[in-house]
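Since the structure comes first, as structure tokens, the remarks are kept for the end.
The values are calculated or read from the model by the stated rules, or taken from the named source; none is laboratory data. Remember, predicted model here, so these are calculated numbers, not experimental data. Positions of Cβ are generated from backbone atoms using ideal geometry, with glycine treated the same way; all protein chains shown enter the neighbour counts. Ligands, DNA and RNA are excluded from the accessible area calculation, which covers all protein heavy atoms including side chains. Shrake-Rupley method; radii C 1.70, N 1.55, O 1.52, S 1.80 Å.
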Amino acid sequence: MSEWIAGQSKSLQGRVAIPGDKSISHRAIMLAALADGVSRIDGFLEGEDTRATANVFARLGVRIETPSPSQRIVHGVGIDGLKAPQGTLDCGNAGTGMRLLAGLLAAQKFDSTLVGDESLSKRPMRRVADPLAQMGARIDTQDGGLPPLHIHGGQALHGIDYASPVASAQVKSAVLLAGLYANGTTRVTEPHPTRDYSERMLQAFGWPIRFGEGWAEVEGGHRLAATDIQVPADFSSAAFALVAGCVVPGSDLVLEQVGMNPRRTGLLRALELMGADIRIENAGGQDGEPIADLHVRATALRGIGVPLDCVPDMIDEFPALFIAAALADGVTRVRGAAELRVKESDRIAAMANGLRTLGIRVDETPDGADIHGGTVHGGIIESHGDHRIAMAFAVGAQRASGEVTIRDTANVATSYPGFAASMRSLGFDLRGD
Ligand code: S3P
């Protein structure tokens, strides 16, 4: 099993390019596959999650070329052009892949089975199976609503007006993608607005869609037109170097041209409240997505109550935030984040247990934790096969008084291949691949 050994670094310096956005890369493959014509994707995340999605479409009869890493040329088969696959479709570690595909495949003429790795096999799928069933889909889950998903093709879907009980872009997207094939209008409303990449990308591929903060609406019966997509750098991957730049004394880092969609940048607001020195430079736009350089210099951070309305906008950044909190002065209070318990691992428990191992007091609640800032010591950390837990502790280790061993790091390749080498180039003490 792969592991990292990490320890205290000197100040971090330099500029770093961050890999492509995972959420956008998944969606770009999916819509390009269903479009009429050839689409080119640049900045594609060359990670295991997004490669799994590309492989699924190859199994469904879509020709996808890889002219170079981070590029894909997708020969779209048209909205009704997918072919019945042989055998099961493997989504790997990717919740986004499985949940969005459930929506798409529920509307096909053929049966399919979606499987995932050990972590994905423990993640809740009723949140998509239930609304899809309301549309007329037939999806069998395992006991407890878990994968694999057996999807019965040949069902006629109809539009629904779905008020999602969870703020989840994956749920919203699964329902909207099924809605492309449904009779009538499919509308989704959410308790808090979530990332709107599916909506924006449907628009980019020419599908008529209406959407605003916390709602979206599509009708069936249109077609998608091939287009070229430029994927911005993933804010969630940038979060690790960003927090490292805040907490390692003397650091001065520039993270280049990072995606700054406001539904993703809640961590920036939280870190600013903690007293971070982060400047947004060279702001611009790329295919309608805001992007900017993030210039971070180390400062002393103070504990905060994370505002509840920031939580959905930083849902993937809590492992990094817990590290910032552990190294801040005072207590940081996280609430309203129960969704963290059903991510690639139970991220509240994984971070709380890991931080306690390193000597930090953390009081867990069902939907969050109080993290008492203090001194981080050495120790052995279990990442539970969760990429973001591993990367967060690699950051925390840069301020540790002793050596930190981080176990089970292979899954970092799902979202951030090359993380260790890239962070070493900034001055991290991080040994292993
Ligand atoms: C994602 C939505 C979020 C996020 C995940 C990616 C997406 O999940 O945590 O990493 O691409 O739609 P939820 O929809 O479960 O909140």
Considering only the stretch 276-294, state which residues are in contact with a helix residue (DSSP H, G or I) (Cβ under 9 Å, 6 or more places away or on another chain) and under 20 Å from GLY250 (Cα atoms).
-> ALA276, ASP277, ILE278, ILE280, LEU294
If you check every pair at least six apart or on different chains, which have Cβ atoms under 6 Å apart with a residue in the stretch 26-45 that is within 14 Å of GLN203 (Cα to Cα) first and a residue that is part of a helix (DSSP H, G or I) second?
-> ARG27/TYR197; ARG27/SER198; ARG27/MET201; LEU31/MET201
Out of all the residues in the stretch 220-230, is one or more within 16 Å of the ligand (Cβ to nearest atom) and open to solvent by 10 Å² or more (accessible area, probe 1.4 Å)?
-> yes
Expected output for the stretch 189-200 (first residue touching a residue at least 60 places away in the same chain (Cβ under 8 Å), partner more than 10 Å from the ligand (Cβ to nearest atom) and acidic (Asp, Glu), Cβ below 6 Å, 6+ apart or cross-chain) is PRO193/GLU213
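Can you give me the number of residues within the stretch 379-412 that are open to solvent by less than 30 Å² (accessible area, probe 1.4 Å) and either farther than 20 Å from ALA349 by Cβ or of a type in the set (A, V, I, L, M, F, W, C) (or both)?
If we filter the stretch 379-412 for residues that are open to solvent by less than 30 Å² (accessible area, probe 1.4 Å), which is where we start, we get 379, 381, 383, 385-398, 400, 402, 404-406, 409, 412.
Adding the requirement that they be either farther than 20 Å from ALA349 by Cβ or of a type in the set (A, V, I, L, M, F, W, C) (or both) leaves 381, 389-395, 397-398, 400, 402, 404, 406, 412.
Residues that pass the stated criteria total 15.
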Return the residue satisfying two criteria in turn: it lies in the stretch 297-355 and is buried (at least 23 other Cβ atoms within 10 Å of the Cβ) and polar (S, T, N, Q), and of such residues it is nearest to the ligand (Cβ to nearest atom).
-> SER345
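Could you check, for the stretch 180-196, whether at least one of its residues is open to solvent by less than 20 Å² (accessible area, probe 1.4 Å), small (Gly, Ala, Ser), in the same structural domain as ALA35 (by TED's automatic domain parsing) and within 16 Å of the ligand (Cβ to nearest atom)?
First, the residues of the stretch 180-196 that are open to solvent by less than 20 Å² (accessible area, probe 1.4 Å): 180, 182, 186, 188, 194.
Subset that is small (Gly, Ala, Ser): 182.
This time we only want the ones that are in the same structural domain as ALA35 (by TED's automatic domain parsing), so: 182.
Those left that are additionally within 16 Å of the ligand (Cβ to nearest atom): none.
No, every residue in the stretch 180-196 fails to be open to solvent by less than 20 Å² (accessible area, probe 1.4 Å), small (Gly, Ala, Ser), in the same structural domain as ALA35 (by TED's automatic domain parsing) and within 16 Å of the ligand (Cβ to nearest atom).
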Please enumerate the residues belonging to the stretch 224-242 that are outside any helix (DSSP H, G or I) and of a type in the set (A, V, I, L, M, F, W, C).
-> LEU224, ALA225, ALA226, ILE229, VAL231, ALA233
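Could you go through the stretch 335-343 and let me know if any residue there is on the phi > 0 side of the Ramachandran plot and either not in a helix (DSSP H, G or I) or not hydroxyl-bearing (Ser, Thr, Tyr) (or both).
Pass one, the stretch 335-343, residues on the phi > 0 side of the Ramachandran plot: 336.
Now restrict to residues that are either not in a helix (DSSP H, G or I) or not hydroxyl-bearing (Ser, Thr, Tyr) (or both): 336.
Yes, the conditions are met somewhere in the stretch 335-343.
Considering GLY206, GLY275, GLY221, which residue is closer than 26 Å to PHE393 by Cα, free of Cβ contacts under 8 Å to residues at least 60 places away in the same chain and part of a loop (DSSP other than H, G, I, E, B)? Steps first, please.
Numbers: GLY206 fails: closer than 26 Å to PHE393 by Cα; GLY221 fails: closer than 26 Å to PHE393 by Cα.
Answer to the check: GLY275.
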If you go through the stretch 10-67 one residue at a time, how many are more than 18 Å from ASP228 (Cβ to Cβ) and more than 19 Å from the chain's Cα centre (by Cα)?
-> 11
Mind checking whether some residue in the stretch 130-138 is open to solvent by less than 20 Å² (accessible area, probe 1.4 Å), in contact with an Asp or Glu (Cβ under 8 Å, 6 or more places away or on another chain) and more than 12 Å from the ligand (Cβ to nearest atom)?
-> no
Mind counting the residues in the stretch 271-296 that are more than 16 Å from the ligand (Cβ to nearest atom) and open to solvent by less than 30 Å² (accessible area, probe 1.4 Å)?
-> 11
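Evaluate the stretch 236-243: report whether one residue or more is within 16 Å of the ligand (Cβ to nearest atom), in contact (Cβ under 8 Å) with a residue 40 or more places away in the chain and closer than 19 Å to LEU100 by Cβ. Please lay out each step first, then the result.
Going residue by residue through the stretch 236-243, those that are within 16 Å of the ligand (Cβ to nearest atom) are 236-240.
Checking the rest, the ones that are also in contact (Cβ under 8 Å) with a residue 40 or more places away in the chain come to 236-240.
Next, from what is left, pick out any that are closer than 19 Å to LEU100 by Cβ: 236.
Within the stretch 236-243, one or more residues are within 16 Å of the ligand (Cβ to nearest atom), in contact (Cβ under 8 Å) with a residue 40 or more places away in the chain and closer than 19 Å to LEU100 by Cβ.
Go through the stretch 97-126 and give me each residue that's surrounded by fewer than 22 Cβ atoms within 10 Å (Cβ to Cβ) and either among the charged types (D, E, K, R) or within 11 Å of the ligand (Cβ to nearest atom) (or both).
Just the residues of the stretch 97-126 that are surrounded by fewer than 22 Cβ atoms within 10 Å (Cβ to Cβ), to begin with: 108-111, 113, 115, 117-119, 121-124, 126.
Of everything in the stretch 97-126, those that are surrounded by fewer than 22 Cβ atoms within 10 Å (Cβ to Cβ) and either among the charged types (D, E, K, R) or within 11 Å of the ligand (Cβ to nearest atom) (or both) turn out to be LYS109, ASP111, ASP117, GLU118, LYS122, ARG123, PRO124, ARG126.
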Failed condition for ARG51, given (1) within 16 Å of the ligand (Cβ to nearest atom); (2) open to solvent by less than 40 Å² (accessible area, probe 1.4 Å); (3) free of Cβ contacts under 8 Å to residues at least 60 places away in the same chain | (2)
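When the residues of the stretch 156-179 are narrowed to those that are open to solvent by less than 50 Å² (accessible area, probe 1.4 Å) and either closer than 12 Å to GLU217 by Cβ or more than 26 Å from the chain's Cα centre (by Cα) (or both), which ends up nearest to the ligand (Cβ to nearest atom)? Even if it seems obvious, please write down each step before you answer.
To start, the set of residues in the stretch 156-179 that are open to solvent by less than 50 Å² (accessible area, probe 1.4 Å) comprises 157, 159-160, 162, 164, 166-179.
Retained after the next criterion (residues that are either closer than 12 Å to GLU217 by Cβ or more than 26 Å from the chain's Cα centre (by Cα) (or both)): 157, 159-160, 162, 172, 175-176, 179.
Values: LEU157: 21, GLY159: 21, ILE160: 18, TYR162: 14, LYS172: 8, VAL175: 12, LEU176: 11, GLY179: 16 Å.
That would be LYS172.
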